Structure formats: structure tokens, C-alpha cells
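Colleague: Supplied in C-alpha cells, the structure appears directly below.
The values are calculated or read from the model by the stated rules, or taken from the named source; none is laboratory data. For clarity, every value in this text was computed on a predicted model and none was experimentally measured. Neighbour counts run over all protein chains shown; Cβ positions are idealised from the backbone, glycine included. Side chains included, ligands, DNA and RNA excluded: accessible areas come from the protein's heavy atoms. Shrake-Rupley method; radii C 1.70, N 1.55, O 1.52, S 1.80 Å.
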Amino acid sequence: METNFSSFVTNPLVSILINNYNYGQFLGEAIDSALNQTYSNVEVIVVDDGSTDNSPNVISGYGDRIISIFKENGGQASAFNAGFLASKGEIICILDSDDAFDRTKVEKIVEIFLLNSDLGWCYHPLKLLDYSKNTVIRSDPDGISSHKVDFRQQVRQGKLPYFVPATSGLCFQRSLLQQLLPMPVAQNISLGDHYIKFTALALSSGFFLNEDLAIQKVHENNAFTLDFFHGNKKQVEARILILTAYWMQNKFPVTINFANKIFGIGLGIYWQTGGIEPECKSSIEEYLSNTSAIEKIEIYLRAYYHANPLFLSIRRFRLLRDLQRVKTIADAGEHSTVTTPI
């Protein structure tokens with residue numbers, strides 16, 4: 001699938017979607033960062049997913065400067081769906097309610113899309129901030145030049161792209177996002193940005209913009225952000241991977257090789273953390289019923305690899321090796337073929 005921006009005017013409307021649940025203490029800064037962009041043709045849509053803190057009061061304080069949506073708690077997927085349904089922009093930027101955009105972000109994203117008519121998405125890194133200490137933990141740009149990329153073949157082969165950012169680094173052309181939303185929603189089931197950002201890579205070419213155009217705050221409620229190999233949020237990650245794979249298999253069969261791999265990883269994490277959650281059992285059984293015998297063997301081998309702590313050092317080494325490989329590539333033309341095995 002290729003996108004086409006020929007219908008864009010030189011000043012396209014950009015929708016900034018902010019999804020919030022009980023992050024009232026951060027929400028005002030997120031909204032302010034969206035409203036204070038150097039690019040003016042912006043609509044800011046704030047979806048409150050049934051917050052029980054002061055979030056509704058914070059949102060109401062902005063009046064008609066923003067589009068406010070208050071809904072019952074239904075999870076990130078339902079909030080994405082509600083925000084997108086209310087949006088009108090040709091470009092969509094997503095912002096977590098505990099993060100903040102750089103003032104120039106939208107201006108730079110619009111420029112990228114207007115200069116590259118075939119893009120469906122634009123991703124960029126985030127600057128990580130220790131909220132309690134107000135100190136920068138990590139700034140991702142590392143000398144790799146910004147460039148167009150096409151991961152479609154790699155994702156369809158089951159390979160993981162070398163760079164996939166957190167939610168606040170995701171920007172899309174509307175026609176691409178229309179293929180992905182609404183996301184499936186079910187009670188007690190988590191499905192969020194993994195589904196959007198991975199499936200987008202399989203459907204369209206895009207652009208890697210190597211600038212920190214958002215701040216991701218690390219605080220007591222999301223401290224596991226930095227804990228790639230350990231942490232008490234492993235079952236949450238397993239559930240998200242399993243359900244992302246389930247719906248990728250269901251809705252976009254072209255992604256089956258990639259879906260099988262992240263399914264195996266999720267299953268392995270479940271094994272590692274003591275078992276499968278009841279709400280995921282039926283999805284796992286149905287997924288496996290739709291795979292061949294060879295695919296099942298590959299899934300179980302990958303699950304074993306990710307469940308066995310003896311392989312942890314190998315996984316760590318491979319990750320760091322491939323990240324270093326990306327950093328040392330001099331020819332930007334190679335970027336579209338660099339992937340990280342999973």
C-alpha cells in the first residue's frame with residue numbers, strides 16, 4: 001500500500017490525539033505542549049478513559065480550545081478509537097497524557113509528509129526524563145541520519161525493525177490509520193499502540209526522523225519503561241504481545257510471520273512468569289488452531305527461548321549487537337534492510 005499526499009494543501013490540518021487515564025498531574029503539560037505548537041493549524045482531542053482523579057477538571061478548564069471526550073473506562077484501544085473518530089486532520093500525531101511534545105514537532109512532521117508524498121507514517125525517538133529528579137535519563141539520537149524507510153518486506157518476513165518508538169513518537173497519514181482503526185476492543189483485554197505501530201510498518205513505507213521531538217516522563221507509575229529484561233510488568237507485556245499477534249493474524253494475514261514471532265515471545269514470557277492469564281487462554285487456543293504444524297513448532301521453540309533464563313545473556317548480547325550495528329552504518333541506503341532478530 002502506498003499513500004499519496006497530492007491532495008494536501010500546504011497547510012494541512014493536524015490532529016493531536018491525547019489519551020488519558022488518571023494522569024491528571026501530568027495532563028495539563030501534555031495539553032499545553034499540543035496547543036503551543038509553532039505550527040498553528042492543529043486540533044487537540046483529549047479522550048478521558050473514565051478517570052477517577054482530577055483529570056476531568058483539568059480537561060474542562062481548557063474549554064473550547066480542545067475537543068473533549070469523556071467515556072467509560074475501556075482501555076487504550078477504545079480511547080484511540082474514540083479520538084480518531086472525532087478527528088478531522090490529514091495527519092495524526094499521538095501523545096500520551098504523561099508526555100509532552102517539543103514546540104516544533106508538528107511543524108517538522110508536516111514538512112516531512114509534504115516533501116515525501118509516498119509516506120504513511122513518520123516515527124521519531126523520545127527524550128526520557130526522570131520526573132522525580134527532573135533530569136534527562138536518555139536522549140536517543142545517535143548520529144544516524146533521518147531517512148525514508150520501507151520495512152514492509154522485513155516485517156512480512158517476521159523481522160523486527162531496528163527502531164520502533166513509544167506512543168508519543170508515532171505520526172500517521174490519515175488514510176493509513178483508517179485501515180488500522182477502529183482497533184478491536186473487548187472487556188479486560190489490552191490492545192494498544194503495538195498493534196498500530198507494527199501493522200503500519202507492514203502496510204506502508206515511512207520516515208525515521210532522528211530528533212527528540214517529545215519528552216517521555218519516567219515516574220512511579222511507569223518506571224518499568226526502562227526495564228527491558230526484568231520487572232513486574234511482564235505479564236502485561238505478554239498479554240499485549242499475544243493479543244497484538246492475534247489481531248494481526250485475524251485482520252492482516254500478510255503479517256503472519258511477524259505475528260507468529262511476537263506470539264511466541266508473549267507465550268514464552270507467560271511461561272516465565274508462572275502461567276497464562278485466564279482472559280488470554282481462548283485467544284491463544286484460537287490462534288494456535290489457525291497455525292500449521294511447522295508454525296506451531298517454531299512458536300513453541302521461540303517461546304522456550306524467551307522463557308528460559310539461561311538464554312537471557314544471549315538475548316541481551318544480540319540486542320546490543322544489533323543496536324551497535326545500526327549506529328555504525330554509514331550508508332543511509334542500508335537502513336531499510338537493517339532489522340533486529342526476535
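Colleague: Is at least one residue of the range 168-188 among the hydroxyl-bearing types (Ser, Thr, Tyr), open to solvent by 20 Å² or more (accessible area, probe 1.4 Å) and modelled with pLDDT under 90?
Modeller: No: the range 168-188 contains no residue that is among the hydroxyl-bearing types (Ser, Thr, Tyr), open to solvent by 20 Å² or more (accessible area, probe 1.4 Å) and modelled with pLDDT under 90.
Colleague: Residues of the range 149-167 being charged (D, E, K, R) and assigned to a loop (DSSP other than H, G, I, E, B), which ones?
Modeller: Within the range 149-167, ASP150, LYS159 qualify.
Colleague: Consider GLY192 carefully, then state whether it is closer than 18 Å to TYR21 by Cα, small (Gly, Ala, Ser) and modelled with pLDDT of 70 or more.
Modeller: Against the criterion (closer than 18 Å to TYR21 by Cα, small (Gly, Ala, Ser) and modelled with pLDDT of 70 or more), GLY192 qualifies.
Colleague: Could I ask something else about it? Write out, first by first residue and then by second, each pair whose Cβ atoms fall under 9 Å of each other, whose residues are 6+ apart or on separate chains, and whose first residue, in the range 26-47, is without any contact (Cβ under 8 Å) to a residue 60 or more places away in the chain and small (Gly, Ala, Ser) while the second is part of a helix (DSSP H, G or I) and surrounded by fewer than 16 Cβ atoms within 10 Å (Cβ to Cβ).
Modeller: none
Colleague: Any idea which residue in the range 272-294 is least open to solvent (accessible area, probe 1.4 Å), counting only those that are under 26 Å from GLN179 (Cα atoms) and not in a helix (DSSP H, G or I)?
Modeller: THR291
Colleague: Out of ILE297, ILE265, ILE269, ILE242, I need the residue that is modelled with pLDDT under 95, open to solvent by 20 Å² or more (accessible area, probe 1.4 Å) and over 30 Å from VAL106 (Cβ atoms). Which one?
Modeller: Result: ILE265 is the single residue among ILE297, ILE265, ILE269, ILE242 that is modelled with pLDDT under 95, open to solvent by 20 Å² or more (accessible area, probe 1.4 Å) and over 30 Å from VAL106 (Cβ atoms).
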